[in-house]
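The values are calculated or read from the model by the stated rules, or taken from the named source; none is laboratory data. Note that the coordinates shown come from a computational prediction; the quantities given were computed from them, not determined experimentally. Cβ atoms come from the backbone with ideal geometry, glycine included; neighbour counts cover every protein chain shown. Please note that ligands, DNA and RNA were not included when accessible areas were found on the heavy atoms of the full protein model with its side chains. Shrake-Rupley method; radii C 1.70, N 1.55, O 1.52, S 1.80 Å.
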There are 2 protein chains.
Amino acid sequence: MDFERADALNQAVRLLSLRHRARAAALLAPLGLHPGQEALLLELSRSGPMIQAQLSEALGCEPPSVTIMTRKLEATGHIRRAPAPSDKRASVVELTESGEALAGQVKLLWCALAEETVAGLPAETVAELPGILTAMTGNVDTRRPRRSRER
Amino acid sequence: MDFERADALNQAVRLLSLRHRARAAALLAPLGLHPGQEALLLELSRSGPMIQAQLSEALGCEPPSVTIMTRKLEATGHIRRAPAPSDKRASVVELTESGEALAGQVKLLWCALAEETVAGLPAETVAELPGILTAMTGNVDTRRPRRSRER
DNA sequence: CGGATAATGTTATGCGCATAACCAACCTGT
DNA sequence: ACAGGTTGGTTATGCGCATAACATTATCCG
């Protein structure tokens, strides 16, 4: 691929990251959330209580990041951490009532953000977008170097 | 749009951002660069010497970020800052010789990264990807609230 | 068994990004 | 010509992310 095209693509990804995150930040600010935290709440809302290692996996970020984020969300009262009964190392984290309420708010914003993001694009394109983006993500994902032969 | 679809889309964007950036970081590390810095070098390589405000505009990040990044790239000797002759407030920044060499290296990596990113996608999709991503970026861009009437 | 290895979580540190507050220099307009 | 607003840049602070180094607990195996 020539540099022009490559640059256009890489830069497009970078700018989309920046602006999409900035827009999310603007929408989440009234709820007192910073971008990234909503993903944690949504994941807990989707899958129920889970251990930090699982959160790290689901969110696609490293354990130290999860430690910090959970600490802050615990401080603001949206999640709760308790020692896991079966493993003295682990701590299971779950939504509090206020956290569940907040997750509900986030879901509304999330729909608005998605619609805003793909406004004006042909419906067909919108339909295949998640698949395309996920494929691209998989192409550059270095988090699971093993496991490439999975069935 | 229902929450399922919206969530799939927003999450896909978030994960692509994380992984694409992480992959870029891994490629740039051998050059001693952190992700984000390559954009500054490439912009200078594209457009020649320019003022920090223009860099801020081109990179899509805020002036304080540019201040820090230029300071670090100056410390590593890849760029040079000089007072602007026509405006005592401004400082024009340009690549040094080592900066130009580094930009050349980055261009090679950039092509590799782009190819890696779109591997396996149909050529047609790849062709329209930059346009799609740029359109999405424009949809959520809150940086230019003015200028909306530019057809 | 018991010792090596793996997995969970934390602290420390650093980078890119953001906002808010501020100074200095450059326009304006009346 | 000068008061007031605008623009260019910096500092301070905070967040999400990363890696490296570490302590603790689980697990595997000879």
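Here's a check for you: in region A:79-94, which residue that is more than 10 Å from DNA strand C (Cβ to nearest atom) and over 27 Å from residue B:16 (Cα atoms) is surrounded by the most Cβ atoms within 10 Å (Cβ to Cβ)?
The selected residue is A:80.
Since residue B:16 meets every condition but one in (1) modelled with pLDDT under 95; (2) crowded, with 21+ Cβ neighbours inside 10 Å, which condition does it not meet?
(1)
Name the single residue, out of those in region B:68-86 being touching a strand residue (DSSP E or B) at 6+ places or on another chain (Cβ under 9 Å) and touching a residue at least 24 places away in the same chain (Cβ under 8 Å), that is farthest from residue B:39 (Cα to Cα).
B:84
I'd like the residue in region A:47-64 that is among the small types (Gly, Ala, Ser) and near DNA strand C (Cβ under 8 Å from one of its atoms) and, out of all such residues, is nearest to residue A:37 (Cα to Cα).
Once the filter is applied, the top-ranked residue is A:56.
Identify, by number, the condition in (1) open to solvent by 40 Å² or more (accessible area, probe 1.4 Å); (2) within 27 Å of residue B:141 (Cα to Cα); (3) without any contact (Cβ under 8 Å) to a residue 60 or more places away in the chain that residue B:100 doesn't meet.
Only one criterion is unmet by residue B:100, namely (2).
Pick from B:120, B:104, B:99, B:138: which is away from DNA strand C (no atom under 16 Å from the Cβ) and either assigned to a helix (DSSP H, G or I) or within 17 Å of the chain's Cα centre (by Cα) (or both)?
Result of the check over B:120, B:104, B:99, B:138: B:104.
Looking at this structure, is residue B:71 surrounded by fewer than 16 Cβ atoms within 10 Å (Cβ to Cβ) and not in a helix (DSSP H, G or I)?
no
From the list A:46, A:19, A:5, A:14, which one is in contact with an Asp or Glu (Cβ under 8 Å, 6 or more places away or on another chain), within 12 Å of chain B (Cβ to nearest Cβ) and charged (D, E, K, R)?
A:19
Of the residues that sit in region A:15-56 and are part of a loop (DSSP other than H, G, I, E, B) and within 12 Å of DNA strand D (Cβ to nearest atom), which one is farthest from residue B:5 (Cα to Cα)?
Restricting to residues being part of a loop (DSSP other than H, G, I, E, B) and within 12 Å of DNA strand D (Cβ to nearest atom), the top hit is A:32.
Among the residues of region A:120-140, write down those that are within 7 Å of chain B (Cβ to nearest Cβ) and either open to solvent by 50 Å² or more (accessible area, probe 1.4 Å) or of a type in the set (S, T, N, Q) (or both).
Answer for region A:120-140, where residues must be within 7 Å of chain B (Cβ to nearest Cβ) and either open to solvent by 50 Å² or more (accessible area, probe 1.4 Å) or of a type in the set (S, T, N, Q) (or both): A:120, A:125, A:134, A:137, A:139.
Report, ordered by the first and then the second residue, all pairs with beta carbons closer than 8 Å, sequence separation of six or more or different chains, a first member in region A:51-67 that is within 12 Å of chain B (Cβ to nearest Cβ), and a second member that is small (Gly, Ala, Ser) and more than 6 Å from DNA strand D (Cβ to nearest atom).
A:58/A:47; A:59/A:39; A:62/A:56; A:65/A:56
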